[in-house]
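Structure record follows, encoded as structure tokens.
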Amino acid sequence: MHCIFRRRRSDGLATNEHQNERVRMKSTQVLSDNWYILRKHTFDFQRRDGKWQTLTRETYDRGNGATILLYNAEKKTVVLTRQFRLPAFVNEHDGMLIEACAGLLDRDDAETCIRKETEEETGYRVENVRKIFEAFMSPGSVTERLYFFVGEYFGKDKISEGGGVESDGEEIEVLEITLDEALARVERGEIMDGKTIMLLQYAKLHRLMG
């Protein structure tokens, strides 16, 4: 689902409710607005010794997102997806990544969005979902804040085959495997997606499977 939430000002700068006295924004230039937004920022940063240093950085704004680990405590299983990711493909990978269900936010809140994504991608309509934390996944260049959820699924929750939206170029395979097998795939390098590894480790540490 390509539903992006951005807060914009009329000058093209993203709004920022949190101020930092050590940062003085000087200029922002939009380099690309073809798919998402690539901006070039020039700003002054005050170092610990009190000196001000002028820096230039680029940020990639793709909106914020949400992700969820679906788990079944009785069966000790999780539901993951597999789909083609071009950025992985161009970086010495076949591009077929195993991931937790995820998507970019609509103008709804994160929980509403992840419920929609879960049904769309996996075919499960889960009754109870719980937010566990938030994280910036690549803060060196990408602005995205990701909201992490977990939700228990049952057989009765499966209402469709899932698979994503064909018109968006999605072809998503739904996988149901044990948590232990998923963690073993991380160790073998078969699961390399950061958000998924974080969720699987959370499930193990917090004993979601009992």
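The values are calculated or read from the model by the stated rules, or taken from the named source; none is laboratory data. Only a predicted model underlies this, so the values are computations on that prediction, with no experimental measurement involved. Here Cβ is always computed from backbone atoms with ideal geometry, including for glycine, and neighbour counts include all displayed protein chains.
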Item to complete: Could you tell me whether any residue of the range 146-153 is closer than 23 Å to Asp94 by Cβ and among the small types (Gly, Ala, Ser)?
Response: no
Worksheet item: Listed residues Glu111, Glu92; which is under 14 Å from the mean Cα position of the chain (by Cα) and either under 20 Å from Phe136 (Cβ atoms) or without any contact (Cβ under 8 Å) to a residue 12 or more places away in the chain (or both)?
Response: Glu111
Discussion item. Name the residue that is surrounded by the most Cβ atoms within 10 Å (Cβ to Cβ), counting only residues in the range 178-190 that are in contact with a helix residue (DSSP H, G or I) (Cβ under 8 Å, 6 or more places away or on another chain) and in contact (Cβ under 8 Å) with a residue 60 or more places away in the chain.
Written reply: Ala182
Worksheet item: Which members of the range 43-77 meet the condition of being in a strand (DSSP E or B) and more than 27 Å from the chain's Cα centre (by Cα)?
Response: Phe43, Asp44, Phe45, Gln46, Trp52, Gln53, Thr54, Leu55
Response to the item:
Of the residues in the range 136-157, those that are free of Cβ contacts under 8 Å to residues at least 40 places away in the same chain and surrounded by fewer than 17 Cβ atoms within 10 Å (Cβ to Cβ) come to Phe136, Ser138, Pro139, Gly140, Gly155, Lys156
Item to complete: Considering only the range 163-210, state which residues are touching an Asp or Glu at 6+ places or on another chain (Cβ under 9 Å), assigned to a helix (DSSP H, G or I) and not basic (Lys, Arg).
Response: Ala184, Thr196
Worksheet item: Do any residues in the range 191-210 that are assigned by TED's automatic domain parsing to the domain that holds Val78 and among the acidic types (Asp, Glu) have Cβ atoms under 8 Å from those of residues that are surrounded by 14 or more Cβ atoms within 10 Å (Cβ to Cβ) and modelled with pLDDT of 95 or more, where the two are at least six apart or on different chains, and which pairs are they?
Response: Asp193/Leu97; Asp193/Ile98; Asp193/Glu99; Asp193/Ala100
